[in-house]
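What follows is a single structure, written as structure tokens, with notes after it.
The values are calculated or read from the model by the stated rules, or taken from the named source; none is laboratory data. In this text, all values refer to a predicted model and were calculated from it rather than measured experimentally. All Cβ positions, glycine included, derive from the backbone under ideal geometry; neighbour counts span all protein chains shown.
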Amino acid sequence: MIAAVVLAAGESSRMGQPKALLPINGETFIERIVGAFKKTSAAKIIVILGHNAAEMKGRLEHLPVEILINPDYKLGQLSSLQVAVRRLEKEPGCEGMIVHLVDHPYIDAKLAETMIERFSTSGKLIVVPRYNGKRGHPVIFSRALFSELLAAPMDQGAKAVVNAHRDDTLEIDTENEGVTVDIDTPDLYRQHVKGE
């Protein structure tokens, strides 16, 4: 099985409010992302919280997700990914995880499912979407990389693992620009969401 992991632990300092709760087309970023993963074959959805975790948890209780708390969220994204890895290492049937960032709301369920299917058939350790030559999210990591993710340097993050496995990475080209749209400032929010 593949688990979906949504990283939502950061302080959203540049945005000035929790990105997970920003409205987009009548729902929040996190609701949109979870809704997309629910349409895929991902067996479970894990959301990693950190900053204001108790309050955030209360705002997400209606969602069909498992919530994990990262007490070390200030160390960066990799620390949240490692919380998910430690949880999924205990799942004997887990073959990998499809990881998404909460500030990338334009996730496409069909593309995510294609990635999961290609991961299962290709034998590759990493699957990543690519728009106009630029890699985006979500990203699938095989269980075989869990130990490397746990050992990766915090200052380099998961990129260190991705860069070490260029030959084991499957890139899937897509016409969906959303894979590269990262909304982490009020200006970007106005540009991409309000200006739709």
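I'd like the residue in region 83-99 that is surrounded by fewer than 18 Cβ atoms within 10 Å (Cβ to Cβ) and among the basic types (Lys, Arg) and, out of all such residues, is farthest from the chain's Cα centre (by Cα).
Across region 83-99, the extreme among qualifying residues is Lys90.
Quick test of your reading of the structure: Val102 fulfils all but one of (1) more than 14 Å from the chain's Cα centre (by Cα); (2) within 25 Å of Ala43 (Cα to Cα); (3) buried (at least 21 other Cβ atoms within 10 Å of the Cβ). Name the failing condition by number.
(1)
If the requirement is being within 17 Å of Ala112 (Cα to Cα), touching a strand residue (DSSP E or B) at 6+ places or on another chain (Cβ under 6 Å), touching a residue at least 24 places away in the same chain (Cβ under 8 Å) and among the hydrophobic types (A, V, I, L, M, F, W, C), which of these qualifies: Ala42, Ala36? Steps first, please.
Numbers: Ala36 fails: touching a strand residue (DSSP E or B) at 6+ places or on another chain (Cβ under 6 Å).
None of the other options fit; the residue is Ala42.
Filter region 67-82 down to the residues that are free of Cβ contacts under 8 Å to residues at least 60 places away in the same chain and either touching a Lys or Arg at 6+ places or on another chain (Cβ under 6 Å) or buried (at least 18 other Cβ atoms within 10 Å of the Cβ) (or both) and list them by number.
Those that are free of Cβ contacts under 8 Å to residues at least 60 places away in the same chain and either touching a Lys or Arg at 6+ places or on another chain (Cβ under 6 Å) or buried (at least 18 other Cβ atoms within 10 Å of the Cβ) (or both): Ile67, Leu68.
So which residues in region 128-149 are under 15 Å from Gly96 (Cβ atoms) and exposed (fewer than 14 other Cβ atoms within 10 Å of the Cβ)?
Residues satisfying the conditions are Ala144, Ser147.
Within region 32-56, track down each residue that is assigned to a helix (DSSP H, G or I), of a type outside the set (Val, Ile, Thr) and at pLDDT 95 or above. If you could, list the steps in order and put the result at the bottom.
Step one: of region 32-56, the residues assigned to a helix (DSSP H, G or I) are 32-38, 53-56.
Next, only the ones that are of a type outside the set (Val, Ile, Thr) stay: 32, 35-38, 53-56.
The answer is Arg32, Gly35, Ala36, Phe37, Lys38.
Which residue pairs have Cβ atoms closer than 9 Å, lie 6 or more positions apart in sequence or on different chains, and pair a first residue in region 98-127 that is on the phi > 0 side of the Ramachandran plot with a second residue that is acidic (Asp, Glu)?
Final answer for the pair search is Gly123/Asp168.
Identify all residues within region 2-34 that are surrounded by 15 or more Cβ atoms within 10 Å (Cβ to Cβ), out of contact with any Leu (no Cβ under 9 Å at 6 or more places or on another chain) and more than 22 Å from Leu78 (Cα to Cα); write none if there are none.
Listed by number, the residues that qualify are Leu22, Ile24, Arg32.
What helices (runs of 4 or more DSSP H) completely inside region 131-196 contain at least 2 residues that are within 23 Å of Leu88 (Cβ to Cβ) and either at pLDDT below 95 or touching a helix residue (DSSP H, G or I) at 6+ places or on another chain (Cβ under 6 Å) (or both)?
Values: elements: 146-151, 159-164, 186-189.
Helices (runs of 4 or more DSSP H) meeting the threshold: 146-151, 159-164.
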